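In what follows, a structure is listed as structure tokens, so that the remarks can point back to it.
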Amino acid sequence: MIGPRSRQLYEQARRVIPAGVNSPVRAFGSVGDTGPFFVERAEGAYLFDADGNSYLDYVCSWGPLLFGHNPPGLAAVLNRAVGRGTSYGAATGLEVELAEKIALMVPSIQMVRLVNSGTEATMSAVRLARGFTARKLVVKCEGCYHGHGDAFLVKAGSGGATFGVPDSAGVPAEQSTLTVNVPYNDLAAMEAVFAASGKEIAAVILEPVAGNMGVVPPARGYLEGVRRVTEKNGALLIFDEVISGFRAGSGGVQGLFGITPDLTCLGKIIGGGLPMGAFGGRRDVMEMISPLGPVYQAGTLAGNPLAVSAGLYMLRRIESEPPYEKLEQLGARLEQGIRANIESLGLKLTLNRAGSVLTLFFNPGPVNDFTDSKKSDTAAFGRYFHAMLEQGIFVAPSQYEAMFISAAHTEQEIDRTVEANRNALAKATS
Ligand code: HOZ
């Protein structure tokens, strides 16, 4: 399915870009050696590559495209914004409107800073937590991924898990010792870390629904328990809702579960497909940021008017046309179809779903943490990935990622996906 033009671009790309890609998982490296297809354009639920192939897209730019590619009206919004200049390095009314909307929609956010990516958001949130608490340690969960800041590349999910380098070279050992890892969904382990080092822990950061070891929802009571233990010990709780923010619901996972973290990291959907992240939360904590307080954080392109315009488009559309019921229906339909395929083929695979994100693990399961997730048969996943691609369906090229459904997907496309899934499973497991 990887056509001659894509192959040629890949050859060219590899000469000037490491592995030919600007983000590791895109290289398709863990699912074989074909190299990736190269995208030319996208519309609705579809990607079109340089060879004229189309793909029903379940990567959706890894999450931002809640309403699909090039949703109606966004191009006009961006064209108007371009006409007013692409970057000012100065404050705008648009930023105020976006910040007010975020604060209205995300329950825990009283103040928010806009940055350029989810990685910037998590790095800044951790610095802020350390500055606020005057403590050093950060607790994260094995297999959670919080971008590529040094503090997080210890037992990291996503590309780290995909390529078997969860602990990155280039992160000084001294830095790694400040990050404490615990298994996801294991409250006893979290409590034990606090019992041992509670006075040194600045923050716990976690994905309230994990999405980067594949999708792993929180066990009943887990998030509530983490909230309790952090509060009791004076540590901040940081929810990384870069994936789940505005996807799990307009208030993210925290809105669904009624849990109030101290800080929240956002990205993806708030940029509407343009580069943007944000971190926000308690007013007393956020007021520690420069120039109000001593914690430094800045950015030339932060609050960029194009990204902010795209973000406002997304949040306004969420308000006027909430997509969550439809996304849940599509997610449930896909889940039922895949489960029926697994059963009729007599396979032992695990499907985890949280609303419009899901992962099919080549693993009998259950998958509740990174140890479980890593038991997956990644070779079989690679065969499955290519068998889906041959049928014109693009799922993430890694076992340790999520499938994203957008509101541009339809029931017919879900049904086509279920049929392709059956063929691909039969092929991948024979
Ligand atoms: N680390 C991202 C997925 N969790 C991949 C980003 C990309 O390749 O665009």
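Odds and ends about this structure:
- Pair GLU411, THR34: separation of 7 Å Cα→Cβ label points (nm): 3.1
- Amide H contacts under 5 Å for LEU345: none, restricted to partners 5 or more places along the chain or on a different chain, H placed in the peptide plane at 1.01 Å from N.
- Mean projection area, nm², convex hull over Cα of the chain: 19.9
- Charge dipole (debye, nearest 20) of the stretch 340-430; +1 at Cβ of Lys and Arg, -1 at Cβ of Asp and Glu: 260
- Under the Karplus curve 6.51 cos²θ - 1.76 cosθ + 1.60, θ = phi - 60°, whole-Hz ³J(HN,Hα) for the stretch 307-316, x wherever Gly or Pro sits: 4, 5, 5, 5, x, 5, 4, 5, 5, 5
- Considering only ALA379, ALA235, ASN341, and ranking their Cα positions along the charge dipole of the chain that arises from unit charges at the beta-carbon of Lys, Arg, Asp and Glu, the one farthest toward the positive end is ALA235.
- Accessible area of GLU224 in the full protein assembly, 1.4 Å probe (Å², nearest 10): 70
- Whole-number D in µm²/s for the stretch 315-430 (Stokes-Einstein; Kirkwood sum over Cα pairs; 25 °C, 0.890 mPa s): 167
- Calculated over the stretch 378-426, the projected area of the Cα convex hull averaged across directions stands at 3.3 nm².
- When DSSP beta bridges are restricted to pairs lying wholly in the stretch 133-219, around 10% turn out antiparallel.
- Heavy-atom accessible surface of the stretch 265-343, averaged per residue, reaches 42 Å², computed with a 1.4 Å probe.
- HIS386, HIS409, reordered so the largest accessible area comes first (probe 1.4 Å): HIS386, HIS409
- Each of ARG113, ARG135, ARG416 has its accessible area taken with a 1.4 Å probe; listed largest first, they run ARG416, ARG113, ARG135.
- Which of GLY211, VAL154, PRO397, positive extreme of dipole for the chain (C-beta unit charges): VAL154
- The heavy atoms of PHE48 present about 50 square angstrom of accessible area, all protein chains included, probe 1.4 Å.
- Unpaired cysteine residues in the chain (no second Cys Cβ under 4.7 Å): CYS60, CYS265.
- By accessible area with a 1.4 Å probe, ligands and nucleic acids excluded, highest first: order of THR34, THR429: THR429, THR34
- Across the options GLY85, VAL139, TRP62, the greatest Cα extent toward the positive end of the charge dipole of the stretch 10-158 (unit charges at beta carbon of Lys, Arg, Asp, Glu) belongs to VAL139.
- Each residue was assigned an accessible area with a 1.4 Å probe, and for TYR296 the value is about 140 Å².
- Note on THR300 and ARG41: their simple-model spin labels are 3.2 nm apart, each label 7 Å out from Cα toward Cβ.
- When peptides 332-342, 14-24 are sorted by average Cβ neighbour count within 10 Å, with the highest value leading, the order is 332-342, 14-24.
- Of interest is the spacing of the C-alpha centroids, which for the stretch 165-223 and the stretch 351-411 amounts to 23 Å.
- Per-residue [θ]222 nm for the chain (sum of -39500 (n - 2.57) over DSSP H runs n ≥ 4, rounded to 500): -11500 deg cm²/dmol
- Note on the chain: Lys pairs 8 or more places apart or on different chains, Cα atoms under 27 Å apart, count 25.
- Our coupling estimate for the stretch 267-276, obtained by passing each phi through the Karplus curve with A = 6.51, B = -1.76, C = 1.60 and θ = phi - 60°, is x, 6, 4, 5, x, x, x, 10, x, 7 Hz, Gly and Pro reported as x.
- Cα→Cβ-extended label distance, 7 Å offset, between ALA76 and GLU224, nm: 4.7
- Computed about the Cα centre, the dipole magnitude for the stretch 115-220 is approximately 240 debye when only Lys and Arg (+1) and Asp and Glu (-1) carry charge, each at its Cβ.
- Note, ³J(HN,Hα) from phi for the stretch 223-237, Karplus 6.51, -1.76, 1.60, rounded to Hz, x at Gly and Pro: 5, 4, x, 5, 4, 4, 5, 5, 4, 4, 9, x, 9, 8, 9
- Rounded to the nearest 20, the size of the Cβ-charge dipole of the stretch 196-334 about its Cα centre is 160 debye, with Lys and Arg at +1 and Asp and Glu at -1.
- Considering only the chain, percent of DSSP beta bridges that pair antiparallel, nearest 5: 55
- Nonlocal amide H pairs with LEU236, under 5 Å, H built at 1.01 Å: ALA203, VAL204
The values are calculated or read from the model by the stated rules, or taken from the named source; none is laboratory data. Treat the numbers as computed from the prediction; the structure is a model and nothing was measured. We place every Cβ from the backbone using ideal geometry, glycine too, and count neighbours over all the protein chains shown. Ligands, DNA and RNA are stripped out before the accessible areas are found, and what is left, the full protein with its side chains, is counted by its heavy atoms. Shrake-Rupley method; radii C 1.70, N 1.55, O 1.52, S 1.80 Å.
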